[in-house]
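What follows is calculated from the coordinates using simple rules that are stated; it is not laboratory data. In this text, all values refer to a predicted model and were calculated from it rather than measured experimentally. Glycine also receives a Cβ, built like all others from the backbone with ideal geometry; neighbour counts cover every protein chain displayed.
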Amino acid sequence: MNISHNLDGNLCVLQPVGEIFKAESVTLKQYVGSLLESTSVSGMVINMQKVDAIDSAGIGVILSLRKQLSEKDTQCVLCSLTERVLQVFHFTKLLDVITVYSTLEEALSSFAQAVSSDDLQIVIDAWPTLPSAIRRGVVATIKAANNQPRGNGSPLSNSAIS
């Protein structure tokens, strides 16, 4: 098994290649352990595109990693599962537990949307302290997950956000 990773800011994309069985699970756990000791990550995407097969030991490492990251308020998602690996996740009901995206782009986009939501919360929290001239000029466009605008896009009134 080969493993590589890329860092985009504090977002880590992990790329295992091959099978993730018992022996490879130890390698994966050690690799990720050293990575997390040497790097501060705000999110992790495990790109499973080149993973041919996985067994219970491999699933255990992924679940352990997910738990370890969630204890640090860090999200861990998977993407690009091969058909064989997807079947394992489906039969074991792990699709109900772990967030899985079809493509790497979708997985990365989920982190970008999370940042946008955080930025919006900062604006909402600061709204009452902004001068009225600035508040009048602000136009809110809230986009749904499919990037379709919701609402009428009109300037927010003082009562729109409390």
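Quick one: putting +1 on the C-beta of Lys and Arg, -1 on the C-beta of Asp and Glu, what dipole do you get for segment 2-103 around its Cα centre, in Debye to the nearest 20?
Taking the Cα centre of segment 2-103 as origin, the dipole is about 120 debye.
Using a simple spin-label model with points 7 Å from Cα along the Cα→Cβ vector, what separation in nm is obtained for Ser40 and Leu63?
3.1
Once label points are set 7 Å from the Cα along Cα→Cβ at both Val26 and Asn10, what is their separation, rounded to one decimal in nm?
3.4
Points 7 angstrom from Cα along the Cβ direction at Gln49 and Asp96: gap in nanometres?
Simple spin-label model gives 3.1 nm for this pair.
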